[in-house]
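Structure first, commentary second.
The values are calculated or read from the model by the stated rules, or taken from the named source; none is laboratory data. Because the structure is a prediction, the values reported are computed rather than measured. Here Cβ is always computed from backbone atoms with ideal geometry, including for glycine, and neighbour counts include all displayed protein chains.
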Amino acid sequence: MPLVVRRGRETDRPALESLELETVKRFPTRVRWLETFRELVSTSLEAEPEGFLVADYDGRAIGMAVARVGASHPLTGQRVGRLELLSVAPTWRAQGVGDRLLREAEAYLKAQGCQVVTFSLPADAGADGEALKAAGFRVAGWELEKSV
């Protein structure tokens with residue numbers, strides 16, 4: 001059965017949480033990630049289910065993307081879409097699954113009138129950032145933080 005990208009559904013939640021458990025092992029500093037992930041899935045299913053995409057291979061969820069339509073950019077006036085999450089099971093990385101999810105998410109956002117797609121990555125993203133640059137993303141700004 002070929003890889004398909006389809007709209008996510010509530011029944012995908014356990015498989016996607018398992019996928020994220022595997023992924024988060026690569027990033028031990030992301031201590032709250034699973035809680036944040038669960039909130040993101042719930043919000044996506046309620047607020048914008050059309051942008052909640054699942055990569056499915058032979059009936060198994062092997063990746064996901066969450067795309068959201070945003071407001072116009074305050075400086076350029078362009079309609080901005082936001083990629084909230086792009087995640088692929090570790091055993092399926094480097095096999096085109098992430099690229100396919102990214103293309104589908106971009107197509108969804110473009111169909112909604114978005115002219116720009118943004119995606120924020122944590123500083124420890126490493127190779128994930130390089131993969132997004134290879135897909136045409138560029139560094140457009142800095143987000144700095146300081147503990148107080």
Cβ-Cβ under 6 Å pairs, at least 6 apart or on other chains, region 89-116 side in contact (Cβ under 8 Å) with a residue 24 or more places away in the chain and within 17 Å of residue 54 (Cα to Cα), far side of a type in the set (A, V, I, L, M) and part of a helix (DSSP H, G or I): 89/19
Selection count where residues are touching a helix residue (DSSP H, G or I) at 6+ places or on another chain (Cβ under 9 Å) and either among the polar types (S, T, N, Q) or under 13 Å from residue 85 (Cα atoms) (or both), scope region 43-54: 5
Scan of region 42-52 for residues that are closer than 21 Å to residue 118 by Cβ and either out of contact with any Ser or Thr (no Cβ under 9 Å at 6 or more places or on another chain) or part of a loop (DSSP other than H, G, I, E, B) (or both), ordered by number: 43, 44, 47, 48, 49, 50
Residue, modelled with the highest pLDDT, within region 1-18, restricted to residues that are hydrophobic (A, V, I, L, M, F, W, C) and under 13 Å from residue 59 (Cβ atoms): 4
Residues satisfying the stated conditions in region 67-91, i.e. assigned to a loop (DSSP other than H, G, I, E, B) and either buried (at least 17 other Cβ atoms within 10 Å of the Cβ) or of a type in the set (D, E, K, R) (or both): 89
Selection within region 56-74 - among the aliphatic types (A, V, I, L, M) and more than 14 Å from residue 107 (Cβ to Cβ): 61, 62, 64, 66, 71
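Can residue 39 be described as without any contact (Cβ under 8 Å) to a residue 60 or more places away in the chain, surrounded by fewer than 17 Cβ atoms within 10 Å (Cβ to Cβ), in a loop (DSSP other than H, G, I, E, B) and acidic (Asp, Glu)?
no
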Complete set of residues in region 76-134 that are among the polar types (S, T, N, Q) and over 18 Å from residue 41 (Cα atoms): 76, 78, 91, 95, 112, 115, 118
Test: residue in region 105-122 that is within 18 Å of residue 12 (Cβ to Cβ), surrounded by fewer than 21 Cβ atoms within 10 Å (Cβ to Cβ) and either at pLDDT 90 or above or of a type in the set (Ser, Thr, Tyr) (or both): no
Lone unmet requirement of (1) among the aliphatic types (A, V, I, L, M); (2) surrounded by fewer than 18 Cβ atoms within 10 Å (Cβ to Cβ); (3) in a strand (DSSP E or B) for residue 55: (2)
Sole exception among (1) outside any helix (DSSP H, G or I); (2) modelled with pLDDT of 90 or more for residue 94, by number: (2)
